[in-house]
Amino acid sequence: MATVCQIWRPDRGRCLKSYGIIAVLFMDLMLQCVNGSLSTTNVETHYTRDGPFITSPVVPDAASVFPADEDTSKCPSGGLCHRLPAHCIQCDYHLKCTYGKPTLFACRPKKGVHCIGESGQQQANFSLNITCQFCWQLDPSQYRCTNSTNCMTVSCPRKRYNATCDVLDHVHCLGKRRFPKRLFCNWTGGYKWSTALALSITLGGFGADRFYLGQWREGLGKLFSFGGLGIWTLIDVLLIGVGYVGPVDGSLYI
């Protein structure tokens, strides 16, 4: 019996050692998961009588909204602090505000920018009244987006394109000031609807309307068929009149 115990004790020790290593690794993995869940920013929206109330346990870093290395050489100095452009100041934005309601945020001018308060004295910190909403929720008149000339505007259903939008300098909002957005194709190549309709009514039998819109094959077809014996001409007058037939490049009429 003693011999058997001497043989199995080393194996049993190695097994316990292996179990111990596995237990330590499992505890380390659990700690990493707990730390990751605690470090994650959770945004919750509560609804009150005054409207939706956005809360977050973590305050977003101002550097994530306005990059620290952004050029401030074009920022005005010596003016009122609350009139500085958004890229010239840094604000401690938080999400503990009611959506759509004005909220005071603590702000300060960026390095190298000087501003004064209502009393005429230079201020290093000031409060700014900003509407509680994210930048992508602004009215379209408050930001500018890239325009695509590679999509068809005259189509059914209307097509969209991926645009990059930038908030205007004097507009303040929460979140990133540059954001992507899906917009309807909306550009023009300079073709006039009135000209196309006039050509369709007067010279549509010779394909002048189709030639004007850049549709050469249809124009030749109308020319050699005398406007489809008049039937094609009448149809084109109707289609151009309602805007169904447009320029070949897919742009809008002007």
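For the range 170-221, taking the residues that are touching a Ser or Thr at 6+ places or on another chain (Cβ under 8 Å), in a loop (DSSP other than H, G, I, E, B) and open to solvent by 80 Å² or more (accessible area, probe 1.4 Å), the one that is modelled with the highest pLDDT is identified as 176.
Does residue 129 satisfy being open to solvent by 30 Å² or more (accessible area, probe 1.4 Å), farther than 26 Å from residue 181 by Cα and modelled with pLDDT of 90 or more? It would help to see each step written out before you state the result.
Values: open to solvent by 30 Å² or more (accessible area, probe 1.4 Å): yes; farther than 26 Å from residue 181 by Cα: yes; modelled with pLDDT of 90 or more: yes.
Spelling it out, residue 129 is indeed open to solvent by 30 Å² or more (accessible area, probe 1.4 Å), farther than 26 Å from residue 181 by Cα and modelled with pLDDT of 90 or more.
Consider the range 132-153 and keep the residues that are open to solvent by 40 Å² or more (accessible area, probe 1.4 Å) and assigned to a loop (DSSP other than H, G, I, E, B). The one that is modelled with the highest pLDDT is 139.
Take residue 248 and decide whether it is closer than 15 Å to residue 153 by Cβ and among the hydrophobic types (A, V, I, L, M, F, W, C). When the stated conditions are applied, residue 248 passes them.
Would you be able to tell me the number of residues in the range 226-254 that are at negative phi, in a loop (DSSP other than H, G, I, E, B) and surrounded by 15 or more Cβ atoms within 10 Å (Cβ to Cβ)?
Selection size over the range 226-254: 7.
The values are calculated or read from the model by the stated rules, or taken from the named source; none is laboratory data. Every value quoted in this text rests on a predicted model; they were computed, and no experiment measured them. Note that each Cβ is placed from the backbone with ideal geometry, even for glycine, and that neighbours are counted across all protein chains shown. To get the accessible areas, we keep the full protein, side chains included, count just its heavy atoms, and leave off ligands, DNA and RNA. Shrake-Rupley method; radii C 1.70, N 1.55, O 1.52, S 1.80 Å.
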